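The values are calculated or read from the model by the stated rules, or taken from the named source; none is laboratory data. This one's a predicted model, so the numbers in the text were calculated from it and none came from an experiment. Cβ placement follows ideal geometry from the backbone for every residue including glycine, while neighbour counts extend to all protein chains displayed.
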Amino acid sequence: MKRRRHGKEAVLLMGAMLMGMPAASCADLSLQDAIDMALEQNTSLRITQKNEDTAQAELDQAKIENGLQIKGSESLGATMHSSSEPDSSNNTLGVTASYPVYTSGKSEANIDSSKLGLEAAKLSTERSRENLKLNVIKAYYDALEARRTVDVRQETVDKYQDHYTNVQQLYSAGSKARIDVIRSSVELSNAAQNLIKAQNSYEVDLAALRNYINMDRNEPLNLTSDFSYDHFDIDMNDCIDYAYRNRKDLLVDTYKYQQEEDALKAAKAEFGPSVTVSAGPNWTNTFKPSNKSGSDTDFSAGATLSWDFWDNGLTRAKVRKAEVSRDIAKLNLTKDKEDIDLSVRQAYYNMREAEKRLNSTGDAVRQAEEDYFIAREKYRAGEGLMLDIIDAQEALSTARLNYISAEYDYARYKATVENAMGIELTDHEKEAAAKMLLTPADTAQAAVAAETEPVLQKPVTPANAKPDTSTKNLASAVQKAQNAKAAQNTQPVSTNASSVSSDQVASDLAEGEVSQ
């Protein structure tokens, strides 16, 4: 009677686990599709792009403050005399146009600082897009790894269920002890717990992916891309050198340092004079006394020289503050270069470690499968022990999970290395990112014009950016590899769609060096 109850419990447990599995009818989603959707509609990226509007408004404000301004004024006055003079009242209306002719360089410094701020905001948006791409890649591979982990856990449960059924039959025949049945039931229950946890991890990872691409949180997904080994053959020092010249956040730090230099110039400009010219008409209406009633019109023009000879040290304090801010910006630039060096090295070492694990775990899986088969057959023949079955199954599950982990660790760390290098988006991905900036009317117009000309947002080129001479071949090779990879993404099932082919990069780099 107890044996039957164990069998029913196992069947019910398996049914509950199968009900927890995702539905078969799901929306197909490749890795490249996920990246494109995130670049088009991620909410955090929309917030970051708003900083460009803020920077543009600050630039407009700086230009307006240094331009022509026209102001109007009106005054109403009345005078009551205690003497025999009659009371008087009048109304004056004036219009004055003013223009700052000279500000000792303060206005020019503010405008230059605002221009740098706008360029920095655009670069920050580009860097946020690159980081978003990395996050989507990681989330996608996390979900793939979780799905394959579910498969391994499910297979483990199935094997333990078969073994439990076999032990029950052997026990009924009197060839096995009752303790073997109990131990099999315990191992089946433990395997079921691991399966439930793996299924939950899969759903959590899918939820994170949906959040990045900002899609319906309840829509089932079928991830069509999978891991494909792509050897990364670029030297670590070349990666670091490339990052120094192409990381957009490092360019942003450079612009911030230049902004602090402009702020220092603006603070020092307050030591000098400023000249403003103004001109405008005035209309005066006199109401009292009655014998002077009427309207008078006059026109005034002049120049105003303003120069603070003594402000009790206020300007000097502003200059010292600006100097400290400039020094802090310079230190931040140095620190961020150090952080970039560290981030590239960490990602590179982790990628190589995962690559070594990937090469070593393949044989371990095959050996573990053979060991499990031998242990199972020996037990069925009455020559093996229950412990041999359990150890062999545990070793097989561990080997398979280690292999899966090595695969997706390599894919994630390879993408992290490329992100740490500052490799920009592909042309296809830039098109997807440009769609976020379009209004509904622009989107409709772009759809009509799609047959003749693609919608493409050109990358921002800073005004004072210097060409990358020492790594120009590497940059060209990276771009060629990206375009080749983007062409492959048009296939229904994309494999490792986000990664740059490092073999192609190394080949193109070598060709460039030979041609020189």
Query raised in the report: Residues in region 106-124: is at least one touching a Ser or Thr at 6+ places or on another chain (Cβ under 6 Å) and surrounded by fewer than 22 Cβ atoms within 10 Å (Cβ to Cβ)?
Result: no
Report summary line: Residue pairs within 9 Å by beta carbon, gap of at least six or interchain, first lying in region 340-353 and on the phi < 0 side of the Ramachandran plot and of a type in the set (Lys, Arg), second assigned to a helix (DSSP H, G or I) and surrounded by fewer than 18 Cβ atoms within 10 Å (Cβ to Cβ), listed first then second, are 345/236; 352/236
Requested in this report: Exactly one condition in (1) under 22 Å from the mean Cα position of the chain (by Cα); (2) outside any loop (DSSP other than H, G, I, E, B); (3) surrounded by 20 or more Cβ atoms within 10 Å (Cβ to Cβ); (4) of a type in the set (S, T, N, Q) is not met by residue 225; state its number.
Outcome: (2)
Query raised in the report: Going through region 366-420 one residue at a time, which ones are surrounded by 19 or more Cβ atoms within 10 Å (Cβ to Cβ), within 21 Å of residue 353 (Cα to Cα) and of a type in the set (Val, Ile, Thr)?
Result: 404, 416, 417
**Report entry** Hits in region 164-217 (condition: among the acidic types (Asp, Glu) and outside any helix (DSSP H, G or I))
**Finding:** 216
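Residues checked against (1) at pLDDT 90 or above; (2) of a type in the set (S, T, N, Q); (3) closer than 30 Å to residue 380 by Cβ:
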residue: 109; (1), (2), (3): no, no, no
residue: 145; (1), (2), (3): yes, no, no
residue: 152; (1), (2), (3): yes, no, yes
residue: 159; (1), (2), (3): no, no, yes
residue: 172; (1), (2), (3): no, yes, yes
Requested in this report: Consider residue 252 carefully, then state whether it is under 30 Å from residue 326 (Cα atoms) and modelled with pLDDT of 85 or more.
Outcome: yes
Query raised in the report: Which residues, taken from region 23-63, are outside any helix (DSSP H, G or I) and of a type in the set (A, V, I, L, M, F, W, C)?
Result: 23, 24, 26, 27, 29
Query raised in the report: If you go through region 303-316 one residue at a time, do you hit one that is surrounded by 12 or more Cβ atoms within 10 Å (Cβ to Cβ) and at pLDDT 85 or above?
Result: yes
Query raised in the report: Which ones in region 243-277 are within 17 Å of residue 338 (Cβ to Cβ) and of a type in the set (Gly, Ala, Ser)?
Result: 243
Report task. Tell me, yes or no, whether region 270-277 has at least one residue that is at pLDDT 75 or above, surrounded by 14 or more Cβ atoms within 10 Å (Cβ to Cβ), among the hydroxyl-bearing types (Ser, Thr, Tyr) and closer than 30 Å to residue 329 by Cα. Result -> yes
Query - Unmet criterion (only one of (1) modelled with pLDDT of 90 or more; (2) crowded, with 19+ Cβ neighbours inside 10 Å; (3) touching a Phe, Trp or Tyr at 6+ places or on another chain (Cβ under 8 Å)) for residue 236 - result: (2)
Query raised in the report: Could you say whether any residue in region 94-107 is touching a residue at least 24 places away in the same chain (Cβ under 8 Å) and in a helix (DSSP H, G or I)?
Result: yes
